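For reference, the structure is listed below as C-alpha cells.
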Amino acid sequence: MIRFDGVSKVYPGGAVAVDNLGLTIPTGQITVLVGPSGCGKTTSLRMINRMVKPTSGTITVDGQDIARIRASKLRRGMGYVLQDAGLFPHRTVLDNIGTVPRLLGWKRARIQERARELLERVGLEDDLADRYPNQLSGGQRQRVGVARALAADPPVLLMDEPFSAVDPVVRDQLQSDLLALQADLSKTIVLVTHDIDEALRLGDQVAVLRRGGHLAQVGSPAELLAHPADDFVADFLGRDRGYRSLAFAGMPRLTLHAERTVTLGEPLPAGGPPWVLVLDAGRPQGWVRTEEVHRPGRRVLVDDLERGGNVARLDSTPREVLDAALSSPAGRGVIIDDQGEFVGTVVASELLALLELERGQR
Amino acid sequence: MIERIWAWLIASSSWVGPDGIGARLGEHVLFSVVVVAAAIVVGVPLGLWIGHLGRGRWLIAAANAARAVPTLGLLFALALWVGPHIPGRWAFVVPSLVALLLLAIPPVLAGTYAGVEAIDPAVRDAARAMGMSPLRVIRQVELPNAMPLVLSGVRSAMLQVVATATIAAYVGLGGLGRFLVDGLASGNYPMTAGGAILVAALALVIDAVLALAQRLLVPAGLREGGRERIASGRHTGNPATAGDPTVSPAR
Ligand SMILES: Nc1ncnc2c1ncn2[C@@H]1O[C@H](COP(=O)(O)OP(=O)(O)OP(=O)(O)O)[C@@H](O)[C@H]1O
Ligand SMILES: [Mg+2]
C-alpha cells in the first residue's frame, strides 16, 4: 500500500503542482491518476520514487516513509515506464530490459534468461532481442519499456502516460495486454493518463485531479460514473457518461434469440428472414441480406458479408452487448461463447428494458 | 619542380638522422598525440560533468570564446614569457605544448558537452528512475550516447593540433614544421614544399585513423543509417505487431 499524507509540491518559482494530497493506493491493484494537463499527475507519480521531492507531507510504502529509504534502493524496487519509453539508444533490446538486474548485480546468464522471458511476456518476438531501440516501432518500444520496468520483478510499477504516444489501434492492444499481464502479476500499479477512457478501462481505482494539484474525487470507475462528486468531475467524465457507465453495470439476465444461419460456402435456402447470419465452423462471420444473395444454386461468399457488427460474449458488460446490438446491420447483437461460437442474438430494446427495470428496483 | 620535391621526399638521405623526415615525423605525431590525449583527459570529464549537472555552462562559453585568441600570438607569448624560466631543451617544448593544449581543449570540451546536452531527457530520466547513481548515469548512459560528438571534437582537435604544431617549429618545437622553417631560411624550396606535403598527408592519415576509431567506439544503436541497414536486412513476421501501423522511423 502506498499512502500520500498531506503531500504538497511547490516548484521553485512558486508553481503549486500538488496541494495537500491525501490518497491511498491499494496493493495489487491499478490506480489511475487522471486529470487535465498540468494538474500535477506526473509530479505526484514522481514523488513516489523520489524523482521529485515533496515540499511537505509524507509518502509511505507499506508503512515505511520513503524519505528514509535510499533513493537508488527505492527506485530499483519500482518499475518506471515513461511516455516515450526512454529506452537507452546505445543498448540492445535485451540489454535495455536487463538494466535493473544488472544494477542489482545478477549473473549474466540469469539476466539474459530473465530478459528473454520478459520479451515473450510482453508479446515481442525473440528476434527483436538484438535490435536497437531506433529499429523498433513506437508500440514495440513501449512494450520493451514495460519489460524493462518488470525485469527485477518489482512489486510496484509506475507508469506515466505509457500509451499516449501510439495510435489508437496499438493503444487498445497495449491496454488489453497490460490488463492480461496484471491479471497474472497483481502488481501495485500507479498509472498516469489524461485520457478518461483509458482511466476507466484500466483503473481499479481512479483518482481525478484538478488543476492546482487538488484531488477532486477518488473511487472505482463505476462509482465515479454513477456519482460524480461535482461538476468538474462530471464534465471530465464526458457527455456519454451514462452510456459509459454501462461498462460497469451488472448484466441483467437476457433472453437469447435463435437466428436463421447459413454456413459460409453453402447456398442460402429460400424464404428466410431479411437478414441471415453467416457462420463458419460455428463462428459468426457477418450478415447477408437475403434479397441480395438469394438466387437458386448461388453459394454465400465472403464478399457477400456485411461486416461491421461487433460481437459480444456471454460474459460481456451491458455496454458491449448494447454496442453489439446497435452496430449490427440486422439490428440484433451477436453473442458468442468462450470458444467464439455463436450462441444467440439480443435486441437493444429488450436489454434497455431490463436495465430500466433493474434501475427501478434499486 | 615537382620532380625536385619528389626527389627530396624519396631520397633516403632526407629520411634518416636526427633531422630526417623519420625523426621529425615521429616527433610531430608524438607531440600531437600527447597533446590531444591530455586534452581528452581534461576536456571529456569536464564536459561530461557540466553536461550532467547542467551547471557551469559559462565554462563552455568561455572555452569557445578562447578559440578566438590567435594561437600564433599565444604561442609566441608563452615562449617568450614562460620559456626563459624552463631549463634546457624543454624551454622550447613546454610553452608550445601548453599552447597546443589550450587549442585542443575547447573542441573536445564543447563536443563532449554538446553530446551530453543532445541526449533525450527521457533517456537520462529513465536512467535515474531505474536507480542508477550519478556516476553510473554518466558512465553507462551519458558517455556512450555522447560518444559520436565527443569523437568529432577529438578529431577536430587533432586536426588543429597537427596543423598548428607545424607553426610551433618557429619557437623551437621539433616536428615536420622544421622543414618549412629550415627550408624557407635556406631557400631550399623542395624541402619547404615537401614538408608542407608531409603535414597535409599526416593530417589526412591521422584523421582516417580517428574515423576508424569512431566507427569502433560509437555504439551500434547510435550509428547513422543503422536503422535502414539492419531493418531492411531482416524482416520480422511478428504476428503481434504485423498490423502495427506505427512501424516507422524513429522520431
Ligand atoms: N520542474 C518544474 N519546475 C517548475 N514547475 C514545474 C516543473 N514541473 C512541473 N511544473 C509545473 O507543475 C504543474 C504540474 O506539472 P505536472 O507535470 O505534474 O503536470 P501533469 O498533470 O503531469 O501534466 P501533463 O498532463 O501535461 O503531463 C504544472 O503547472 C507545471 O508547469
Ligand atoms: Mg505529465
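Return yes when A:Gly14 is over 20 Å from A:Glu161 (Cβ atoms) and either within 14 Å of another protein chain (Cβ to nearest Cβ) or without any contact (Cβ under 8 Å) to a residue 60 or more places away in the chain (or both) and no when it is not. Taking the combined requirement at face value, the residue satisfies it. Restricting the first member to region A:39-59 and to residues that are under 18 Å from A:Gly79 (Cα atoms), and the second to residues that are in a loop (DSSP other than H, G, I, E, B) and away from ligand 2 (no atom under 15 Å from the Cβ), the beta-carbon pairs closer than 7 Å and six or more apart or on different chains are A:Met47/A:Pro54.
The residue that is surrounded by the fewest Cβ atoms within 10 Å (Cβ to Cβ), counting only those in region A:143-169 that are at the interface with chain B (Cβ under 10 Å from one of its Cβ atoms) and within 13 Å of ligand 2 (Cβ to nearest atom), is A:Ala165. Annotation note: of A:Pro162, A:Pro168, the sole residue that is touching a strand residue (DSSP E or B) at 6+ places or on another chain (Cβ under 6 Å) and at pLDDT below 95 is A:Pro162.
How many residues, within region A:46-66, are outside any loop (DSSP other than H, G, I, E, B) and either within 20 Å of A:Val34 (Cα to Cα) or of a type in the set (Asp, Glu) (or both)?
We begin by selecting, within region A:46-66, every residue outside any loop (DSSP other than H, G, I, E, B); these are A:46-48, A:56-61, A:64-66.
Next, only the ones that are either within 20 Å of A:Val34 (Cα to Cα) or of a type in the set (Asp, Glu) (or both) stay: A:46-48, A:59, A:65.
Looking only at that region, the number is 5.
Looking at region A:284-334 only, could you name the residues that are outside any strand (DSSP E or B) and of a type in the set (S, T, N, Q)? Write out each step before concluding.
Residues of region A:284-334 outside any strand (DSSP E or B): A:290-298, A:300-305, A:307-310, A:314-331.
Result: A:Thr290, A:Asn310, A:Ser316, A:Thr317, A:Ser327, A:Ser328.
Kindly provide the set of residues from region A:196-225 that are under 11 Å from the mean Cα position of the chain (by Cα) and either polar (S, T, N, Q) or more than 13 Å from ligand 1 (Cβ to nearest atom) (or both), ordered by number. Correct list: A:Asp197, A:Leu200, A:Arg201, A:Leu202, A:Gly203, A:Asp204.
Is one or more of the residues making up region A:23-34 more than 14 Å from ligand 2 (Cβ to nearest atom), in contact with an Asp or Glu (Cβ under 6 Å, 6 or more places away or on another chain) and either closer than 24 Å to A:Ser72 by Cβ or in the same structural domain as A:Pro154 (by TED's automatic domain parsing) (or both)? Looking for residues that are more than 14 Å from ligand 2 (Cβ to nearest atom), in contact with an Asp or Glu (Cβ under 6 Å, 6 or more places away or on another chain) and either closer than 24 Å to A:Ser72 by Cβ or in the same structural domain as A:Pro154 (by TED's automatic domain parsing) (or both), one finds at least one in region A:23-34, hence yes. Filtering region B:189-206 to residues that are surrounded by fewer than 17 Cβ atoms within 10 Å (Cβ to Cβ) and among the β-branched types (Val, Ile, Thr) leaves B:Ile197, B:Val205.
Annotation note: of A:Leu136, A:Leu178, the sole residue that is away from ligand 2 (no atom under 16 Å from the Cβ) and within 15 Å of the chain's Cα centre (by Cα) is A:Leu178. In region A:114-129, the residues that are away from every other protein chain (no Cβ under 12 Å) form no Cβ pair under 6 Å with any partner that is polar (S, T, N, Q) and surrounded by 15 or more Cβ atoms within 10 Å (Cβ to Cβ), whether six or more places apart or across chains. For region A:226-247, indicate whether the set of residues that are in contact with a strand residue (DSSP E or B) (Cβ under 6 Å, 6 or more places away or on another chain) and closer than 30 Å to A:Ala281 by Cα is non-empty. Taking every residue of region A:226-247 in turn, none turns out to be in contact with a strand residue (DSSP E or B) (Cβ under 6 Å, 6 or more places away or on another chain) and closer than 30 Å to A:Ala281 by Cα. The residues of region A:29-44 that are within 8 Å of ligand 1 (Cβ to nearest atom), surrounded by fewer than 22 Cβ atoms within 10 Å (Cβ to Cβ) and within 21 Å of the chain's Cα centre (by Cα), listed by number, are A:Pro36, A:Ser37, A:Thr42.
The values are calculated or read from the model by the stated rules, or taken from the named source; none is laboratory data. For clarity, every value in this text was computed on a predicted model and none was experimentally measured. So basically every Cβ, Gly included, is an ideal-geometry build from the backbone, and we count neighbours across all protein chains shown.
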